[in-house]
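K.L.:
First, the structure itself, so that you have it in front of you.
The values are calculated or read from the model by the stated rules, or taken from the named source; none is laboratory data. On a predicted model such as this, the values are computed, not experimentally measured, just so you know. Neighbour counts run over all protein chains shown; Cβ positions are idealised from the backbone, glycine included. Calculation scope for accessible area: heavy atoms of the full protein, side chains included, ligands and nucleic acids excluded. Shrake-Rupley method; radii C 1.70, N 1.55, O 1.52, S 1.80 Å.
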Amino acid sequence: SPSSLWLLATLVNFYRTRLPPSIYAAAKKDFFEVYLREAINSKSKPNPSSLDSFASLLSTVTAEDISEPLGPAVEKALKKSPAGVLGAVTALATQLPLDLSPYVDTLFLPAALRMIKSMEEEPRGEAVALLGTLAQKVGDSAVFARVVSDVVNVLLGKTGGTLAQWFQRHACVVAILALARGGRRVPRSAVAPATTAALEGRVVASEKEG
(Lines give C-alpha, C1' and ligand atoms only; values in the text may rest on other atoms or scores of the structure.)
Protein backbone atom coordinates (compact mmCIF):
# COMPACT_ATOMS: atom_id res chain seq x y z
CA SER A 1 0.00 0.00 0.00
CA PRO A 2 1.13 3.64 -0.40
CA SER A 3 1.49 4.05 3.37
CA SER A 4 3.73 1.00 3.66
CA LEU A 5 5.90 2.28 0.81
CA TRP A 6 6.43 5.57 2.59
CA LEU A 7 7.36 3.60 5.71
CA LEU A 8 9.91 1.83 3.55
CA ALA A 9 11.28 5.21 2.46
CA THR A 10 11.64 6.18 6.13
CA LEU A 11 13.45 2.93 6.84
CA VAL A 12 15.81 3.46 3.92
CA ASN A 13 16.64 6.93 5.18
CA PHE A 14 17.28 5.54 8.67
CA TYR A 15 19.68 2.94 7.30
CA ARG A 16 21.42 5.53 5.14
CA THR A 17 21.89 8.19 7.78
CA ARG A 18 22.05 6.41 11.13
CA LEU A 19 23.80 3.10 10.44
CA PRO A 20 27.24 2.18 9.07
CA PRO A 21 27.46 2.07 5.25
CA SER A 22 28.20 -1.66 5.33
CA ILE A 23 24.88 -2.37 7.03
CA TYR A 24 22.97 -0.29 4.48
CA ALA A 25 24.82 -1.99 1.62
CA ALA A 26 23.77 -5.39 2.98
CA ALA A 27 20.15 -4.26 3.38
CA LYS A 28 19.87 -2.87 -0.16
CA LYS A 29 19.19 -6.34 -1.53
CA ASP A 30 15.97 -6.54 0.48
CA PHE A 31 15.02 -2.97 -0.39
CA PHE A 32 15.52 -3.69 -4.08
CA GLU A 33 13.29 -6.73 -3.84
CA VAL A 34 10.48 -4.51 -2.61
CA TYR A 35 11.17 -1.94 -5.32
CA LEU A 36 11.12 -4.52 -8.10
CA ARG A 37 7.94 -6.12 -6.75
CA GLU A 38 6.03 -2.87 -6.23
CA ALA A 39 7.30 -0.71 -9.09
CA ILE A 40 8.73 -2.80 -11.92
CA ASN A 41 6.83 -6.08 -11.62
CA SER A 42 3.62 -4.76 -10.09
CA LYS A 43 0.41 -6.27 -11.44
CA SER A 44 -1.16 -2.82 -11.39
CA LYS A 45 0.56 0.29 -12.70
CA PRO A 46 2.10 2.19 -9.77
CA ASN A 47 1.03 5.79 -9.33
CA PRO A 48 3.55 8.67 -9.25
CA SER A 49 3.30 8.98 -5.47
CA SER A 50 4.28 5.34 -5.02
CA LEU A 51 7.20 5.76 -7.40
CA ASP A 52 8.36 8.86 -5.53
CA SER A 53 8.61 6.81 -2.34
CA PHE A 54 11.57 4.98 -3.86
CA ALA A 55 13.53 8.15 -4.63
CA SER A 56 15.78 7.86 -1.58
CA LEU A 57 16.67 4.26 -2.38
CA LEU A 58 17.28 4.89 -6.07
CA SER A 59 19.47 7.91 -5.31
CA THR A 60 22.04 5.45 -3.92
CA VAL A 61 22.06 3.03 -6.87
CA THR A 62 25.50 2.13 -8.19
CA ALA A 63 26.63 0.65 -11.48
CA GLU A 64 26.95 -2.68 -9.67
CA ASP A 65 23.31 -2.45 -8.59
CA ILE A 66 22.30 -1.90 -12.22
CA SER A 67 24.25 -4.98 -13.27
CA GLU A 68 22.44 -7.03 -10.65
CA PRO A 69 19.62 -7.02 -9.70
CA LEU A 70 18.01 -3.94 -11.29
CA GLY A 71 19.10 -4.07 -14.94
CA PRO A 72 18.07 -7.65 -15.77
CA ALA A 73 14.69 -7.24 -14.02
CA VAL A 74 13.92 -3.99 -15.83
CA GLU A 75 14.91 -5.44 -19.20
CA LYS A 76 12.65 -8.45 -18.66
CA ALA A 77 9.71 -6.29 -17.58
CA LEU A 78 10.09 -3.99 -20.61
CA LYS A 79 10.05 -6.94 -22.98
CA LYS A 80 6.94 -8.35 -21.31
CA SER A 81 4.88 -5.17 -20.96
CA PRO A 82 6.58 -1.96 -22.10
CA ALA A 83 3.45 0.18 -21.80
CA GLY A 84 2.71 -1.05 -18.30
CA VAL A 85 6.18 -0.45 -16.90
CA LEU A 86 7.39 2.58 -18.88
CA GLY A 87 6.21 5.06 -16.24
CA ALA A 88 8.25 3.28 -13.57
CA VAL A 89 11.27 3.08 -15.87
CA THR A 90 10.99 6.80 -16.63
CA ALA A 91 10.94 7.52 -12.88
CA LEU A 92 13.94 5.22 -12.45
CA ALA A 93 15.91 7.12 -15.10
CA THR A 94 15.05 10.40 -13.40
CA GLN A 95 16.07 9.22 -9.94
CA LEU A 96 19.31 7.42 -10.78
CA PRO A 97 22.44 9.36 -9.75
CA LEU A 98 24.39 8.02 -12.72
CA ASP A 99 25.33 8.98 -16.25
CA LEU A 100 22.77 7.01 -18.27
CA SER A 101 24.99 6.57 -21.33
CA PRO A 102 25.88 2.91 -20.61
CA TYR A 103 22.22 1.97 -20.20
CA VAL A 104 20.65 3.71 -23.18
CA ASP A 105 20.58 0.65 -25.44
CA THR A 106 19.56 -1.94 -22.86
CA LEU A 107 17.18 -0.13 -20.52
CA PHE A 108 15.83 3.08 -21.98
CA LEU A 109 15.94 3.86 -25.69
CA PRO A 110 14.28 0.78 -27.28
CA ALA A 111 11.16 1.11 -25.13
CA ALA A 112 11.00 4.87 -25.65
CA LEU A 113 11.21 4.51 -29.44
CA ARG A 114 8.52 1.84 -29.42
CA MET A 115 6.11 3.65 -27.11
CA ILE A 116 6.48 7.07 -28.72
CA LYS A 117 4.51 5.56 -31.63
CA SER A 118 1.76 4.23 -29.36
CA MET A 119 -1.84 4.98 -30.21
CA GLU A 120 -2.45 5.66 -26.52
CA GLU A 121 -1.64 9.06 -25.04
CA GLU A 122 -0.18 7.95 -21.70
CA PRO A 123 2.66 5.75 -23.00
CA ARG A 124 3.50 8.35 -25.66
CA GLY A 125 3.81 10.98 -22.95
CA GLU A 126 5.96 8.69 -20.83
CA ALA A 127 8.22 8.01 -23.81
CA VAL A 128 8.65 11.75 -24.41
CA ALA A 129 9.42 12.25 -20.70
CA LEU A 130 11.99 9.46 -20.78
CA LEU A 131 13.72 10.95 -23.82
CA GLY A 132 13.74 14.32 -22.07
CA THR A 133 15.49 12.69 -19.12
CA LEU A 134 18.04 11.13 -21.45
CA ALA A 135 18.70 14.60 -22.87
CA GLN A 136 19.75 15.72 -19.40
CA LYS A 137 21.57 12.62 -18.19
CA VAL A 138 23.45 11.15 -21.16
CA GLY A 139 27.01 12.40 -20.94
CA ASP A 140 28.56 10.54 -23.88
CA SER A 141 28.33 12.73 -27.00
CA ALA A 142 28.28 9.76 -29.38
CA VAL A 143 25.46 8.08 -27.47
CA PHE A 144 23.54 11.36 -27.27
CA ALA A 145 23.89 11.88 -31.03
CA ARG A 146 22.59 8.37 -31.64
CA VAL A 147 19.54 8.99 -29.43
CA VAL A 148 18.74 12.09 -31.47
CA SER A 149 19.29 10.28 -34.75
CA ASP A 150 17.08 7.35 -33.73
CA VAL A 151 14.18 9.63 -32.79
CA VAL A 152 14.55 11.56 -36.05
CA ASN A 153 14.48 8.26 -37.96
CA VAL A 154 11.22 7.29 -36.26
CA LEU A 155 9.73 10.66 -37.22
CA LEU A 156 10.90 10.25 -40.82
CA GLY A 157 9.44 6.75 -41.02
CA LYS A 158 12.84 5.11 -41.43
CA THR A 159 12.34 2.96 -38.34
CA GLY A 160 9.14 0.98 -38.04
CA GLY A 161 7.38 2.55 -41.00
CA THR A 162 5.51 5.78 -41.62
CA LEU A 163 3.71 7.39 -38.70
CA ALA A 164 0.12 7.57 -39.86
CA GLN A 165 -1.29 9.70 -37.06
CA TRP A 166 -0.51 13.35 -36.37
CA PHE A 167 -0.21 12.72 -32.63
CA GLN A 168 2.56 10.18 -33.23
CA ARG A 169 4.51 12.72 -35.27
CA HIS A 170 3.78 15.41 -32.70
CA ALA A 171 5.22 13.24 -29.91
CA CYS A 172 8.40 12.76 -31.91
CA VAL A 173 8.73 16.48 -32.54
CA VAL A 174 8.22 17.26 -28.85
CA ALA A 175 10.90 14.70 -27.97
CA ILE A 176 13.30 16.14 -30.55
CA LEU A 177 12.78 19.63 -29.19
CA ALA A 178 13.50 18.31 -25.67
CA LEU A 179 16.70 16.72 -26.94
CA ALA A 180 17.66 19.94 -28.70
CA ARG A 181 17.15 21.96 -25.54
CA GLY A 182 18.73 19.33 -23.31
CA GLY A 183 22.13 17.78 -23.42
CA ARG A 184 23.50 20.15 -20.80
CA ARG A 185 26.40 17.79 -20.28
CA VAL A 186 27.04 17.50 -24.01
CA PRO A 187 27.86 20.63 -26.05
CA ARG A 188 25.76 20.96 -29.18
CA SER A 189 29.02 21.15 -31.12
CA ALA A 190 29.76 17.59 -30.02
CA VAL A 191 26.72 16.24 -31.82
CA ALA A 192 27.36 15.10 -35.35
CA PRO A 193 26.56 17.98 -37.77
CA ALA A 194 24.42 15.74 -39.97
CA THR A 195 22.34 14.70 -36.96
CA THR A 196 21.90 18.29 -35.82
CA ALA A 197 20.88 19.38 -39.31
CA ALA A 198 18.33 16.56 -39.58
CA LEU A 199 16.90 17.45 -36.18
CA GLU A 200 16.56 21.16 -36.83
CA GLY A 201 15.30 20.73 -40.39
CA ARG A 202 12.62 18.20 -39.49
CA VAL A 203 11.38 20.26 -36.55
CA VAL A 204 10.90 23.26 -38.81
CA ALA A 205 9.17 21.14 -41.46
CA SER A 206 6.85 19.52 -38.93
CA GLU A 207 5.90 22.87 -37.44
CA LYS A 208 4.98 24.14 -40.91
CA GLU A 209 2.90 21.01 -41.57
CA GLY A 210 1.04 21.55 -38.31
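K.L.:
Here are 55, 25: which of them is farther than 30 Å from residue 120 by Cα and of a type in the set (Gly, Ala, Ser)? Before you say what the answer is, go through the steps one by one.
P.N.:
Values: 55 fails: farther than 30 Å from residue 120 by Cα.
Result: 25 is the single residue among 55, 25 that is farther than 30 Å from residue 120 by Cα and of a type in the set (Gly, Ala, Ser).
K.L.:
Turning to a different aspect of this structure: Taking the condition more than 15 Å from the chain's Cα centre (by Cα), open to solvent by less than 10 Å² (accessible area, probe 1.4 Å) and touching a residue at least 24 places away in the same chain (Cβ under 8 Å), does residue 57 pass? Walk me through it before giving the result.
P.N.:
Details: more than 15 Å from the chain's Cα centre (by Cα): yes; open to solvent by less than 10 Å² (accessible area, probe 1.4 Å): yes; touching a residue at least 24 places away in the same chain (Cβ under 8 Å): yes.
Against the criterion (more than 15 Å from the chain's Cα centre (by Cα), open to solvent by less than 10 Å² (accessible area, probe 1.4 Å) and touching a residue at least 24 places away in the same chain (Cβ under 8 Å)), residue 57 qualifies.
K.L.:
Looking only at residues that are touching an Asp or Glu at 6+ places or on another chain (Cβ under 9 Å) and surrounded by 18 or more Cβ atoms within 10 Å (Cβ to Cβ) in the range 128-142, which one is farthest from residue 157 (Cα to Cα)?
P.N.:
Filtering the range 128-142 down to residues touching an Asp or Glu at 6+ places or on another chain (Cβ under 9 Å) leaves 137-140.
With the extra rule that they be surrounded by 18 or more Cβ atoms within 10 Å (Cβ to Cβ), the set shrinks to 137-138.
Working: 137: 27, 138: 25 Å.
Checked the range 128-142; the qualifying residue farthest from residue 157 (Cα to Cα) is 137.
K.L.:
While we're looking at this one, here's another question. Being closer than 30 Å to residue 119 by Cα and among the polar types (S, T, N, Q) is the requirement here; does residue 67 meet it?
P.N.:
On the way: closer than 30 Å to residue 119 by Cα: no; among the polar types (S, T, N, Q): yes.
So residue 67 fails the test.
K.L.:
Across the range 5-24, which residue is surrounded by the most Cβ atoms within 10 Å (Cβ to Cβ) among those that are of a type in the set (A, V, I, L, M, F, W, C) and closer than 23 Å to residue 88 by Cα? If you could, list the steps in order and put the result at the bottom.
P.N.:
Residues of the range 5-24 that are of a type in the set (A, V, I, L, M, F, W, C), as a first pass: 5-9, 11-12, 14, 19, 23.
Still in the running and closer than 23 Å to residue 88 by Cα: 5-9, 11-12.
Working: 5: 20, 6: 14, 7: 12, 8: 19, 9: 16, 11: 16, 12: 24.
By that ranking, first place goes to 12.
K.L.:
Follow-up question, since we're still on this one. Which residues, counting only those in the range 93-127, are under 21 Å from residue 156 (Cβ atoms), assigned to a helix (DSSP H, G or I) and open to solvent by 40 Å² or more (accessible area, probe 1.4 Å)?
P.N.:
Correct list: 105, 110, 114.
K.L.:
Just wondering, is there one or more residues in the range 43-50 that are surrounded by fewer than 15 Cβ atoms within 10 Å (Cβ to Cβ), under 17 Å from the mean Cα position of the chain (by Cα), of a type outside the set (Gly, Ala, Ser) and under 24 Å from residue 126 (Cβ atoms)?
P.N.:
Yes, some residue in the range 43-50 is surrounded by fewer than 15 Cβ atoms within 10 Å (Cβ to Cβ), under 17 Å from the mean Cα position of the chain (by Cα), of a type outside the set (Gly, Ala, Ser) and under 24 Å from residue 126 (Cβ atoms).
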